[in-house]
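Report on the following structure.
The values are calculated or read from the model by the stated rules, or taken from the named source; none is laboratory data. No experiment lies behind these values; they were computed from the predicted model shown. Note: ideal-geometry Cβ built from the backbone for every residue, glycine included; neighbour counts use all protein chains shown.
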Amino acid sequence: MTGTRLQGERLTAGYEGHRVLSEVDFRVEDGRVTVLLGPNGSGKSTLLKTLARTLAPERGQVLLDGKDIHHSRTRDVARKLGILPQGPSAPEGVTVRELVCLGRFPYQHLWRQWSSEDERAVVDAMATANVAQFADRPIDDLSGGQRQRCWIAMVLAQETDLILLDEPTTFLDLKVQVDLLELLVRLAHDKGRTLLVVLHDLNLAAAYADVLVMMREGRIEHGGTPETVFTATHLKQVFDLDAHVIRDPHTQRLVCVPTLAGSTTSTRIDVGLAHHAPTTMIPP
Ligand code: ADP
């Protein structure tokens, strides 16, 4: 267990007349990729927004470096924590470079204008997210995957140790999703950043999470390594999904294979992985 700079304590939160989280305790492990998984409407975005200070909890508190985030100044929080909400939208006609520059807002003051440090951060962020070649193009002209990388570059330009991302890979090609997740893992493992990511793809979540957290009906049901959390029993309980969890023989990563009505276990596994070495079944 590593340390934690960001944690929620007994969070009760939701929207007018609709409570979503009830007494949720949550610690984000420093320098790791934590992935939140759960069915639609289970409260993942609500938890992310509450932890990012976007949504004030009804009760409980979010501590960032020991200080209540909802009683901290926006600029102070924004220098430590960046968030990419679900489906962000940019002002019309804005170029990639202009969008990425917005990530520097926590460092701008009336008396401190654009600096060489801001410039370096923007150039670095565009290079890391591989969008430098689009710098002068309007963001609206890009494909979904390219656009998503630009948003990630904007968050990277903020140069925060903590980065919260809500479904950053939705609607992207699988290859683009994998590239993006590889980038996020490198940020955590090579650069010591802390990432909290909501994902909807179960197998990508199991493959890339250091810590996997499953939510259902506004509660945290399971949290820990994919080894302990990504089990057939938990997938059934949390997603009502009938599936086997197997180990990919090449990468040793866990993979869930939904059960097809009317087929037997051996048929499913043999057909799915016919060209690979024998597959290890993980007990439920
Ligand atoms: P998830 O991210 O797991 O899909 P959410 O946190 O977005 O779940 O939503 C949890 C519940 O809160 C859902 O029932 C959803 O309809 C409701 N909800 C989400 N956002 C709002 C909102 N802005 N106003 C009212 N209800 C909302």
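Considering (1) within 22 Å of the chain's Cα centre (by Cα); (2) within 17 Å of ARG19 (Cβ to Cβ), the lone condition that ARG53 does not fulfil carries the number (2). For first residues located in the stretch 6-19 and closer than 10 Å to THR50 by Cα, partners that are within 7 Å of the ligand (Cβ to nearest atom) and of a type in the set (A, V, I, L, M) and lie 6+ apart or on another chain with Cβ distances below 6 Å form the pairs GLY14/VAL20. For LYS191, the criteria (1) at pLDDT below 95; (2) in contact with a helix residue (DSSP H, G or I) (Cβ under 8 Å, 6 or more places away or on another chain) hold in every case but one, which is (2). Evaluating ARG32 against the criteria (1) near the ligand (Cβ under 9 Å from one of its atoms); (2) charged (D, E, K, R); (3) closer than 21 Å to ASP161 by Cβ leaves one unmet condition, (1).
Among residues that are within 16 Å of the ligand (Cβ to nearest atom), at pLDDT below 95 and farther than 29 Å from GLN237 by Cα, SER89 is included. Quick check, is LEU172 touching a helix residue (DSSP H, G or I) at 6+ places or on another chain (Cβ under 8 Å) and under 28 Å from GLY3 (Cα atoms)? Here the answer is no, as LEU172 does not meet what is asked. Taking the stretch 5-23 as the range and being more than 8 Å from the ligand (Cβ to nearest atom), of a type outside the set (D, E, K, R) and surrounded by 15 or more Cβ atoms within 10 Å (Cβ to Cβ) as the test, the residues that pass are LEU6, GLN7, GLY8, LEU11, THR12, ALA13, LEU21, SER22. In the set LEU156, LEU164, only one residue is crowded, with 16+ Cβ neighbours inside 10 Å, outside any helix (DSSP H, G or I) and not aromatic (Phe, Trp, Tyr); that residue is LEU164. Count of the stretch 127-167 residues, restricted to those that are closer than 23 Å to LYS49 by Cα and charged (D, E, K, R), is 6. If you go through the stretch 152-176 and pick out every residue that is more than 11 Å from CYS101 (Cα to Cα) and in contact with a strand residue (DSSP E or B) (Cβ under 8 Å, 6 or more places away or on another chain), you end up with 10. Taking every residue in the stretch 29-48 that is touching a residue at least 40 places away in the same chain (Cβ under 8 Å) and pairing it with any residue that is among the small types (Gly, Ala, Ser) and near the ligand (Cβ under 6 Å from one of its atoms), at least 6 positions away or on another chain, the pairs with Cβ-Cβ distances below 8 Å are LYS44/GLY38. Taking first residues from the stretch 181-199 that are touching a residue at least 60 places away in the same chain (Cβ under 8 Å) and closer than 8 Å to VAL33 by Cβ and partners that are within 16 Å of the ligand (Cβ to nearest atom) and of a type in the set (Asp, Glu), the Cβ contacts under 9 Å between residues at least 6 apart in sequence or on separate chains come to VAL197/ASP166; VAL197/GLU167. Assess whether GLU221 counts as being modelled with pLDDT of 95 or more, on the phi > 0 side of the Ramachandran plot and either polar (S, T, N, Q) or assigned by TED's automatic domain parsing to the domain that holds THR74 (or both). No: the conditions fail for GLU221.
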